[in-house]
Amino acid sequence: MKKSFLLLVVFLLAGVAGWSQQKAVTTANYDLAARFSPKKVGKMVFSTSVSPKWFKNSDKFWYSYQTAQGTSYYIADPATGSKKELFDNVKLAAQLTEIVKDPFDAQNIPITNLKLVDDKKFTFEIKSSVDVEVKDDKTGKPKKEKKIHGFEYDIATGALTEVKDYKAFKPYPRWGSVSPDKKYVVFSRDYNLYCMDMANFEKARKNEDDTTIVETQLTKEGTRDFGFGNGNDDIYATAKEKKKRVSAYILWSPDSKNFAFIRSDESKVKDLWVIDILAQPRPKLESYKYQMPGEAEAPVRHLFIFDIEGKKYKSIKTASFKDQELRIHSTPVLQKNMSDDINSNTWLGTENKFYITRISRDLKRVDICSVNIAEDSCRTLIKERMNTYVETRPLKIINGGKELIHWSERTGWAQLYLYDENGNLKNAVTTGDFHVDDIEAVDPVQRVVYFTANGKEKSEDPYFAHHYRVNFDGSNLKLLNAGDFNHDAISSDNGRYFVDNYSRVDVAPKSSLYDNTGRKIMDLEATDLSRLFAAGYKFPERFKVKAGDGITDLYGVIYRPFDFDSTKLYPIIEYVYPGPQTEAVNSSWTRSMDRVDRLAQFGFIVVTVGNRGGHPARSKWYHNYGYGNLRDYGLEDKKIVVEQLAAKYPYININKVGITGHSGGGFMSTAAILVYPDFFKVAVSCSGNHENNIYNRWWSEQHHGVQETVSEKNDTTFKYSIDKNSEIAKNLKGHLLLVTGDIDNNVHPGNTLRMVNALIRANKRFDMLIMPGQRHAYGDMTEYYFWKMGDYFSKHLIGDCREDVEIPQMNNN
């Protein structure tokens, strides 16, 4: 026994001695952090995925792909298993040089607005360096602009033709919702609906101020608080600005005779404000409707159907829950007679029937309903109930709604279910302890559904997505894109083929083409990271640890400095986002490095890891773990992960732990340094929703919960209560930097300022940075923010803040 004890002491002393031999990092490496700025990385890494643009009348597709040799364009034919370059870039450069009279070469051909026309030819533009005088469409006065040359390229013959008297391409205005038969264009102005025909829409495409445009007003009763459509909410807008056309958000019937829309009565919803201090010549007040958690003043949704030929509308009775939400299901398939710059959305269904989702305010009850346009009410088909909250995905219909495929988490795992048209369950399409994320395509003839799922391959990271097929009756479930990677499958509309973009944080992205049996047809592209590696880049490392319960597996990524020295002792920083709708952990390789790889270059170990209550791509239990405890639920896991990593890696300094995050991550990082003030020593928290009682109702009430109470008089009320960061401001011991944009209309600056108030009243020292003129993201001040974050962590974790280093100018980093 004594011998065993002595051996244990020896081992412990050896461990302490080993730890003490690690030399602490004392110098922040600003030069290495500067080497991997977004702009510089953008000159070393180009395309990382293939985005197929499918032909309308065949299974072919085309795509562009950029490398260090320039941009190439390809046509791929799944039927023959071949791809070919659309252009001979050397030949094309010579032809364009001869026509345009500007010099081009194969690596530098400035093609813009490349479009496939009738599956037979491509059109594109080239901007010349020559100034020409043209007539301004709006003013009619002459003006100077660079000459635009238009070209047509015949796919079959390879013939290049310049379009004579070419006028630069102008996309159709996005405010126009075009009927499937291209007869009507509906839009909104000053909260009412209007329409015009395509001929007048063409005029508007050329000049929206054309006074000869003929339009018809469809509604007259719309107001800002109860609009049929949208309008200009700017209280400083001129009369002309208020009359501008804007999108109406409608969904057409397939036969173009009707459209459906939701009209929201927001007359009781209170306003919120931000002040744009950079507006000229005077600071400007911005006002917008914003319901906060627990507030009684909620919007009331009304469903309408509009008969476009009869110019009349009717309301559909949908009331079931107080303060309910309504969503109309749409179909994403682009009409084949439409160009891709036309906004045309149709409802999911037939010319006589469509589908809606009805959601209770507490999200514990969700109904899938059908609406027959000949009737004045909806019919409930499927009911979902949950004690936390019900989530939804788009419905799929088969043969005009004779059958429905519905997504549900009713078993604790997201799965697919087949129903008949009356809402009777026929069978489960998928079953098991894995998460179906979404339906990608449906083949009604072969009765096969294609879908994306997580966690089905038990030997892999459960966050890795794969593409599958399964028969409607649940038989013959098959994995279609095997491989221990995160996969992003992009299916053709008919589901016959898909492009698979796949990678991991430690594997460069590749793209391949598959058919719907899982047969790989060909490899398409592989991202070239050679120049990044030549600059010193190194892949991060994936890891798996246990959560605070000792049972749940957590998955994360550890990022080290590219000049990493295992004999040194490094501070550690966690980059966090608590969820519940996502986590901060990358599954695929990305060149977006600022919060992770690049931050590590100062001389830190940077870690991202999930937490119970995080990502929805796991079980419903995992996803809803934080329900009712939205401030603290993920903090224990963040702490225990660092402890486990420090026990494993002697180069991690457990006494110098930082934490940072944006939005929900800003909220979480501040909570962490206040709940565990002796563990987390430094926090940089930006745009955090520190007081979720003043964040928006929808996110806060869903993920934390709201209590619905019905009185004896049948009056329904909602009660919301949540722990706030400001309530524990007195706990602060370490260094805290709070950052916010002053016109953030997502997470209002009041969240940060209330936190500031609490810290001041608790007599706590802290730091603060206001980003003038910035909303929730920091726009052209993002690079400035990065260096301030780097300064702060370097100063307080390394002890070497090089404030003499000039911050690169905005947009020039």
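The values are calculated or read from the model by the stated rules, or taken from the named source; none is laboratory data. Every value quoted in this text rests on a predicted model; they were computed, and no experiment measured them. Using ideal geometry, Cβ is built from the backbone for each residue, glycine included, and neighbour counts are taken over all protein chains shown. For accessibility, only protein heavy atoms count, side chains too; no ligands or nucleic acids. Shrake-Rupley method; radii C 1.70, N 1.55, O 1.52, S 1.80 Å.
For this structure, a couple of remarks:
- Where helices (runs of 4 or more DSSP H) fall entirely within the range 1-55, those with at least 1 residues that are open to solvent by less than 70 Å² (accessible area, probe 1.4 Å) and modelled with pLDDT of 95 or more are at 30-35, 38-41.
- Lone unmet requirement of (1) touching a residue at least 12 places away in the same chain (Cβ under 8 Å); (2) more than 27 Å from the chain's Cα centre (by Cα); (3) in a loop (DSSP other than H, G, I, E, B) for Leu193: (3)
- Scanning the range 512-550 for residues that are among the polar types (S, T, N, Q) and either part of a strand (DSSP E or B) or surrounded by 15 or more Cβ atoms within 10 Å (Cβ to Cβ) (or both) yields Ser512, Asn516, Thr527.
- The range 551-572, subset of a type in the set (A, V, I, L, M) and farther than 24 Å from Val45 by Cβ, residue surrounded by the fewest Cβ atoms within 10 Å (Cβ to Cβ): Ile551
- Selected residue (criterion: farthest from Thr223 (Cα to Cα)) from residues of the range 235-264 that are surrounded by 14 or more Cβ atoms within 10 Å (Cβ to Cβ) and in contact with a Lys or Arg (Cβ under 8 Å, 6 or more places away or on another chain): Ser256
- Every condition in (1) among the aliphatic types (A, V, I, L, M); (2) in contact with a strand residue (DSSP E or B) (Cβ under 7 Å, 6 or more places away or on another chain); (3) at pLDDT below 95 holds for Leu630 except the one numbered (2).
- Applying the condition of being open to solvent by 30 Å² or more (accessible area, probe 1.4 Å) and of a type in the set (S, T, N, Q) to the range 437-480 and asking which residue is farthest from Gly610 (Cα to Cα) yields Gln446.
To keep it simple, each residue is scored yes or no on (1) touching a strand residue (DSSP E or B) at 6+ places or on another chain (Cβ under 9 Å); (2) surrounded by 15 or more Cβ atoms within 10 Å (Cβ to Cβ); (3) of a type in the set (A, V, I, L, M, F, W, C); (4) more than 23 Å from Pro578 (Cα to Cα).
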site: Thr670; (1), (2), (3), (4): yes, yes, no, no
site: Asn692; (1), (2), (3), (4): no, yes, no, no
site: Trp698; (1), (2), (3), (4): yes, no, yes, no
site: Val706; (1), (2), (3), (4): yes, yes, yes, no
site: Glu712; (1), (2), (3), (4): no, no, no, yes
site: Met781; (1), (2), (3), (4): yes, yes, yes, yes
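- Qualifying residues in the range 613-636 (those that are of a type in the set (Phe, Trp, Tyr) and open to solvent by 40 Å² or more (accessible area, probe 1.4 Å)) - the one farthest from Lys544 (Cα to Cα): Tyr627
- Within the range 472-491, the presence of a residue that is touching a residue at least 60 places away in the same chain (Cβ under 8 Å) and in contact with a Gly (Cβ under 8 Å, 6 or more places away or on another chain) is excluded.
- Scope the range 709-742; condition at pLDDT 95 or above, part of a strand (DSSP E or B) and of a type outside the set (Ser, Thr, Tyr); matching residues: Phe718, Lys719, His735, Leu736, Leu737, Leu738, Val739, Gly741
- Any chance Lys639 is open to solvent by 10 Å² or more (accessible area, probe 1.4 Å) and either of a type in the set (A, V, I, L, M, F, W, C) or touching a Lys or Arg at 6+ places or on another chain (Cβ under 8 Å) (or both): no
- Applying the criterion of at least 2 residues that are open to solvent by less than 20 Å² (accessible area, probe 1.4 Å), within 13 Å of Phe259 (Cα to Cα) and touching a Ser or Thr at 6+ places or on another chain (Cβ under 6 Å) to the strands (runs of 3 or more DSSP E) found wholly in the range 293-369 leaves 300-307.
- Options Arg591, Arg595; residue that is modelled with pLDDT under 95 and surrounded by fewer than 20 Cβ atoms within 10 Å (Cβ to Cβ): Arg591
- Qualifying residue in the range 756-770 (condition: charged (D, E, K, R), open to solvent by 70 Å² or more (accessible area, probe 1.4 Å) and not in a strand (DSSP E or B)): yes
- The strands (runs of 3 or more DSSP E) found wholly in the range 72-180 and carrying at least 1 residues that are surrounded by 12 or more Cβ atoms within 10 Å (Cβ to Cβ) and of a type in the set (A, V, I, L, M) occupy 111-117, 121-135, 142-154, 160-162.
- Members of the range 526-574 found to be aromatic (Phe, Trp, Tyr) and touching a residue at least 24 places away in the same chain (Cβ under 8 Å), listed by number: Tyr537, Phe539, Phe543, Tyr555, Tyr559, Phe562, Phe564, Tyr570
- Counting only strands (runs of 3 or more DSSP E) that sit completely within the range 414-468, those holding 1 or more residues that are in contact with an Asp or Glu (Cβ under 7 Å, 6 or more places away or on another chain) and charged (D, E, K, R) correspond to 415-420, 425-428.
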